[in-house]
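Undergrad: Attaching a single structure in structure tokens format; questions to follow.
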Amino acid sequence: MNLQKAATLKSNVKFLKYTDIILKTCAAVLAAAAFLLTFTVSDYYIFNRIGWENSAESFNAFFVISQWVKKAGLLLIALAVFYKKKCCADIAKYLLPVFVILSCCLFGKFFDVSAISADSSAADKVYAHINGFMPKALNQALFFASNIIYMVICALLFVRDGFKTRAKSWIWLPFALVACMPLNIFENFFDAANFGRGHFLWFKNFTLWHFLAIVILIGFTVGSYYFLKNKDKSTQNCFLAAAAVILLIQYHSKDSVVMGDGYNVYHTVFACIPLFICNIGVYIASASVIVKKKILYAISFFVHAAGAVSVFVYFGKDEMSNYGIFCSYSILYFCLTHCLLFALSVLPTALGHYKFRYKDCIIPLIYYFAVIIVASVASGLVTSASMGFTHDGYTLQEGEWLYPNYAFTQENPLPFKLPVWKLRIWRCDLNALYILGLYAAYVAIFFAFNGAYCAFLAARRRILKPKEIPVAAIGGLPADEVEAQAETAVAQAFEEEKTE
């Protein structure tokens, strides 16, 4: 009898193991399909055009909501499958099937969305032709295939976890929906054409809205630290991974928006190539908290934390940006993604998962140099290629050519000019002196940020220095252990100071 029970248990364990493998495979395929679908105009075009029925100017509200819930489903599934979060599985397996079925029934003219209108210029049609590289049939295939995968994953979650669910699991649903909210949804409540650059609500440097953005960055990071610091390391890792998934979902919303309504001053798929330093940082910082590799932590902390905070301090010349009013997609996207990027870059160090040392800066410096070189070459190649872009007998003219400005290698964001050392890439001229200066300036920013961080830690240790560190308790230990115990004693003293 015992042998039979053992055999049954072994069979169940084996079954669950295979179920887990299939779940992870399906989740990875779903993520890939969702990523490809962001390179269609329709994916996010619908969220600022909500109506009660499908028409020439709007999309059925229930269909739009179903697409929103499916975006949140990507977060829930990632946590349920890869981090075994039961609360996320409880929500996903009961909620997602309803909205997946709705999206299959109410899609209407979703696959016929085009950025072309009666007012489109010849250049706009060229850009739309570039952006429409994905065939409608492939868009449809990916859409329905991803819906099938959603259903398979939900079924497998029932198999893995059973039908029971806990009421408290649903507390997390509003958080998932807000975290994955399409940021252009607020544009249902205003017409961007009614606001000009001189309007009070327009986002520019050194305005009330700029100040609020900085406050939000600081508040979000500090709040996240205090929320996580007393939790166990496993819980911290789950929350950091969730933030990474949210960052990736929100970051890739731009792929669709830029091809439809445009993002900032960009309006073609070439703006989606991740060669801005913060764009690459999205992947580096997200990977660092998921795979927990020292080199990724070092690059995130040394390069991308400083890069993210620097653009908050100064957004570049006002004439080279078009963020719109404070609640438009462009500025909400910028602030949310950069807040998440900064938090993911500094929190692993602040929480003690990784300790940055200056000897760790060598690879990040080489990495950033490589980014600048690749970004410069890519900017020149895209601009040169755009000089020959043509559609329906029209070729782009000067003033309509694309200047992607990857990593700011084409246009100086500061309000002064530099001497020109001409560097020709194909048919495009870049300023080699400016590019070298750009690298040097950012390296200085990286060291300044890390110097400021080290100074802050030193000041905190001095101010919160414990009255007495038990030397006898640490005598005779290796230097690393002595340092670790000393830091623990300082942290304990800091906690005692707060309670007093």
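The values are calculated or read from the model by the stated rules, or taken from the named source; none is laboratory data. Note that this is a predicted model, so its numbers are computed, not measured. Neighbour counts are summed over all protein chains in view; Cβ atoms, including those assigned to glycine, are modelled from backbone coordinates with ideal geometry. Side chains are part of the model used for accessible areas, which takes the heavy atoms of the whole protein and leaves out ligands, DNA and RNA. Shrake-Rupley method; radii C 1.70, N 1.55, O 1.52, S 1.80 Å.
Undergrad: Hey, can you find the accessible area per residue of the chain for me, probe 1.4 Å, expressed in square angstrom?
TA: Working: 24860 Å² over 500 residues.
Per-residue accessible area for the chain comes out at 50 Å².
Undergrad: Could you check how many percent of all C-alpha pairs in the chain are farther apart than 42 Å?
TA: When all Cα pairs of the chain are counted, 26 percent exceed 42 Å.
Undergrad: OK, next. What nm distance separates the two modelled labels at L201 and V178, each placed 7 Å from Cα along Cα→Cβ?
TA: Simple spin-label model gives 2.2 nm for this pair.
Undergrad: Just order 200-211, 333-344, 160-171 by mean Cβ neighbour count inside 10 Å, highest at the front, would you?
TA: Working: 200-211: 15.0, 333-344: 23.6, 160-171: 11.7.
Final packing ranking: 333-344, 200-211, 160-171.
Undergrad: Using Cα pairs closer than 8 Å and at least 6 residues apart in sequence, work out the relative contact order for the chain, in percent. Don't jump to the answer; show the numbers that get you there.
TA: On the way: 596 pairs, mean separation 73.4, N = 500.
Averaging sequence separation for qualifying contacts and normalising by length gives 15 percent for the chain.
Undergrad: Would you mind getting me the FRET efficiency between K109 and V291? Use the beta-carbon distance for r and R0 = 45 Å, nearest 0.05.
TA: It comes out at approximately 0.60.
Undergrad: If you don't mind, another one. Along the Cα-to-Cβ line of M151, 7 Å from the Cα, sits a label point; which residues in segment 107-133 have backbone N less than 13 Å from it?
TA: none
Undergrad: Can you tell me the length gained on complete extension of the stretch D124 to L414, counting 0.36 nm per residue apart and subtracting the Cα distance?
TA: 101.5 nm
Undergrad: Would you mind getting me the FRET efficiency between E398 and L457? Use the beta-carbon distance for r and R0 = 60 Å, nearest 0.05. Please report the intermediate quantities before stating the final value.
TA: Working: r = 52 Å, r/R0 = 0.87.
E(calc), rounded to 0.05, equals 0.70.
Undergrad: Then there is this: How large is Rg over Rh for segment 70-146, taking Rg from the Cα atoms and Rh as the Kirkwood inverse mean of 1/r across Cα pairs?
TA: Rg divided by Rh gives 1.16.
Undergrad: Just grab the label-to-label distance for A192 and L36, each label 7 Å out from Cα along the Cβ direction, in nm (one decimal).
TA: 2.9 nm
Undergrad: Rounded to the nearest 0.05, what FRET efficiency do Y358 and L212 have when you use their Cβ-Cβ distance and R0 = 41 Å?
TA: Values: r = 34 Å, r/R0 = 0.83.
Calculated transfer efficiency: 0.75.
Undergrad: Order the peptides 116-125, 101-110 from the highest to the lowest mean number of other Cβ atoms within 10 Å of their residues. Don't jump to the answer; show the numbers that get you there.
TA: Values: 116-125: 11.6, 101-110: 17.1.
Output ranking for 116-125, 101-110: 101-110, 116-125.
Undergrad: Now, a different point. Starting from the 7 Å offset along Cα-to-Cβ, what nm value, one decimal, do you get for the label separation of A141 and I445?
TA: Label-label distance for A141 and I445, simple model: 4.3 nm.
Undergrad: Over segment 65-183, what is the relative contact order in whole percent, taking alpha-carbon pairs under 8 Å and six or more residues apart?
TA: Values: 86 pairs, mean separation 54.2, N = 119.
The value is 46 percent.
Undergrad: Counting only DSSP beta bridges with both residues in the chain, tell me the antiparallel percent, nearest 5.
TA: Percent antiparallel among DSSP bridges in the chain is about 80.
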